1. Among helices (runs of 4 or more DSSP H) lying entirely in segment 89-207, which contain 2 or more residues that are touching a His at 6+ places or on another chain (Cβ under 9 Å) and more than 19 Å from residue 51 (Cα to Cα)?
2. Could you identify the single residue in 98, 127 that is over 29 Å from residue 346 (Cβ atoms), of a type outside the set (A, V, I, L, M, F, W, C), modelled with pLDDT of 95 or more and over 20 Å from the mean Cα position of the chain (by Cα)?
3. For the condition surrounded by 14 or more Cβ atoms within 10 Å (Cβ to Cβ), among the aromatic types (Phe, Trp, Tyr) and farther than 27 Å from residue 298 by Cβ, what is the one hit in 250, 215?
4. Do any residues in segment 114-138 that are crowded, with 17+ Cβ neighbours inside 10 Å have Cβ atoms under 8 Å from those of residues that are of a type in the set (S, T, N, Q) and in a helix (DSSP H, G or I), where the two are at least six apart or on different chains, and which pairs are they?
5. Exactly one of these conditions fails for residue 338: (1) more than 18 Å from the chain's Cα centre (by Cα); (2) acidic (Asp, Glu); (3) over 18 Å from residue 257 (Cβ atoms). Give me its number.
6. Select from segment 48-82 the residues that are farther than 17 Å from residue 125 by Cβ, acidic (Asp, Glu) and not in a helix (DSSP H, G or I) and list them in ascending order.
7. I'm trying to understand the selection: among the residues of segment 208-238, which are more than 23 Å from residue 270 (Cβ to Cβ) and either touching a residue at least 40 places away in the same chain (Cβ under 8 Å) or among the basic types (Lys, Arg) (or both)?
8. Looking for whichever is hydroxyl-bearing (Ser, Thr, Tyr) and farther than 19 Å from residue 116 by Cα here; the options are 201, 235, 171. Which one fits?
Amino acid sequence: MTTFSRGSGRTERLVLPGVLTAEQVTGTVAGIAAAQRADGAIPWFRGHHLDPWDHVEAAMALDAAGEHGRAEAAYRWLARHQNPDGSWYAAYADGAADEPTDRGRESNFVAYVAVGVWHHYLATGDDAFLDSMWPTVYAAVEFVLRLQQPGGQIGWKREEDGTPVTDALLTGSSSVHQALRCALAIAEHREEPQPDWELATGLLAHAIRRHPERFLDKSRYSMDWYYPVLGGAVTGVAAKERIEEGWERFVVPGLGVRCVLPNPWVTGGESCELALALWVMGESDRAVQILQWIQHLRAEDGMYWTGYVYDDDAVWPEERTTWTAGSLLLAAAALGGDEATTAVFGGERLPAGLEQDCCA
């Protein structure tokens, strides 16, 4: 059985007036830790599945809270169970590596390990960890870039039989953009230049900024609205214009952010991610307000319900996920100035890749 070290001195940065007290932070961190298996896997909740993206999200929250041993165990789980092609399956039953329940391999799920590994390094300064995880990150990035299309966008996934799905998702590609920048930061730190990755990152950023027609139309989903900002491809005036354009459609004052239109359903994860995007834009006051609104989703055990159907005054689905709690802690960490979290989401300290502009 794995023994996890316990961090200290970090949780004060997660305390936000009107959002989280020190006691509440402790409860939420404990809730995520309680869901983690002895082998490091972090499923949505015990008895449900693990997906690699949300597994990393929860691990990053543990690092932000100073639980570095638990976070490292989560990344070691990924390293041990990476497929030969550099991927992971889309879902594993309760985090059991020998029980995949969805053998598709989704590009953004695979790429996100780079964000988590760089975040862990920045939180700990552990060069031995970074060196040992480099082959895992490298293989994951290579898998993802084999799905990049000529227009720069990233194909969604490979099916179980290896068939590539070349249709691209804006949210997924935006997440991949952040991951590629973190992978480039790791390569730069190791003094191992990756010019192909730099070119791929620039092509992807241009597609996200200038070519919405290269992505499937998922504009009903709030993630497609804010993720180009959260993933760092859309910045400055363009970011502010994008967020303002969708604000009234997706934001429900006092409750949070809709997941998908026209459903009367606000969700904790999307709300926290929007708060992070607002912080990225320099709008911390609005970010804090969003986090204050969603405290109606907090359960007695310190975890957060996935969503709330406000027309029916009903929590739905009746589940409290590690990734919802994780996204809240990461938003709080960014607002509190946690250095590792601000570095991977703020973007100023991440390589941008080689800028491309086919529209010049």
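1. Values: elements: 107-111, 113-124, 127-145, 170-189.
Of the helices (runs of 4 or more DSSP H) lying wholly inside segment 89-207, those with at least 2 residues that are touching a His at 6+ places or on another chain (Cβ under 9 Å) and more than 19 Å from residue 51 (Cα to Cα) span 113-124, 127-145.
2. On the way: 127 fails: over 29 Å from residue 346 (Cβ atoms).
Step by step, each of 98, 127 is checked, and only 98 is over 29 Å from residue 346 (Cβ atoms), of a type outside the set (A, V, I, L, M, F, W, C), modelled with pLDDT of 95 or more and over 20 Å from the mean Cα position of the chain (by Cα).
3. Working: 250 fails: farther than 27 Å from residue 298 by Cβ.
Result of the check over 250, 215: 215.
4. 115/178; 117/136; 119/341
5. (1)
6. 51
7. Matches in segment 208-238: 210, 211, 214.
8. 235
The values are calculated or read from the model by the stated rules, or taken from the named source; none is laboratory data. Not measured: the values here are computed from a predicted model. Neighbour counts run over all protein chains shown; Cβ positions are idealised from the backbone, glycine included.
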